[in-house]
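Here's the structure, in structure tokens; my notes come after.
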Amino acid sequence: MKTFRDLLVWQKAMGIVTEIYNETKSFPDDEKFGLTNQLRRASVSIPSNIAEGYGRNSDGDFSRFISIAIGSIMKFKRSWK
């Protein structure tokens, strides 16, 4: 594995970002700076934290950043119940 881009979890997280951006395009204009922004920021934080943790070159740091990414995913899980 050469970079974080080789990680399947990062690739899937990028797929989530694409899906969220596509879905939120159809949200009402009055949600542009509310729900739309929150969902987009949360989705982007998932692959960002995976990449940052990978770049730390420490299993402990990587594990901590994966936990942060999981926290961002939970924002979506709670909203879909």
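Residues being in contact with a helix residue (DSSP H, G or I) (Cβ under 7 Å, 6 or more places away or on another chain) and part of a helix (DSSP H, G or I): count how many of those fall in segment 23-41. Let's see the steps before the verdict.
To start, the set of residues in segment 23-41 that are in contact with a helix residue (DSSP H, G or I) (Cβ under 7 Å, 6 or more places away or on another chain) comprises 24, 27, 36, 39-40.
Filter again for part of a helix (DSSP H, G or I), leaving 24, 36, 39-40.
So the count comes out to 4.
Kindly indicate whether residue 20 is assigned to a helix (DSSP H, G or I), hydrophobic (A, V, I, L, M, F, W, C) and surrounded by 14 or more Cβ atoms within 10 Å (Cβ to Cβ). It would help to see each step written out before you state the result.
Numbers: assigned to a helix (DSSP H, G or I): yes; hydrophobic (A, V, I, L, M, F, W, C): yes; surrounded by 14 or more Cβ atoms within 10 Å (Cβ to Cβ): yes.
Here the answer is yes, as residue 20 does meet what is asked.
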Review point. Is segment 42-57 home to any residue that is at pLDDT below 95, of a type in the set (D, E, K, R), surrounded by 11 or more Cβ atoms within 10 Å (Cβ to Cβ) and in a helix (DSSP H, G or I)?
Key: no
Practice item. Determine whether segment 23-34 contains at least one residue that is open to solvent by 60 Å² or more (accessible area, probe 1.4 Å) and in contact with a Ser or Thr (Cβ under 7 Å, 6 or more places away or on another chain). Key: yes
Exercise for review: Output the qualifying pairs, or none if there are none: Cβ atoms under 8 angstrom, residues six or more apart or on different chains, first residue in segment 1-12 and in a loop (DSSP other than H, G, I, E, B), second residue surrounded by 13 or more Cβ atoms within 10 Å (Cβ to Cβ) and not small (Gly, Ala, Ser).
Suggested key: 1/7; 3/54; 7/50; 7/54
Review point. Does residue 60 meet the test of being surrounded by fewer than 10 Cβ atoms within 10 Å (Cβ to Cβ) and either in a helix (DSSP H, G or I) or in contact with a Pro (Cβ under 9 Å, 6 or more places away or on another chain) (or both)?
Key: yes
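The values are calculated or read from the model by the stated rules, or taken from the named source; none is laboratory data. Small disclaimer: the values here were computed from a predicted structure and weren't measured. A quick note on method: Cβ atoms are made from the backbone with ideal geometry, for glycine too, and the neighbour counts reach across all protein chains shown. Ligands, DNA and RNA are stripped out before the accessible areas are found, and what is left, the full protein with its side chains, is counted by its heavy atoms. Shrake-Rupley method; radii C 1.70, N 1.55, O 1.52, S 1.80 Å.
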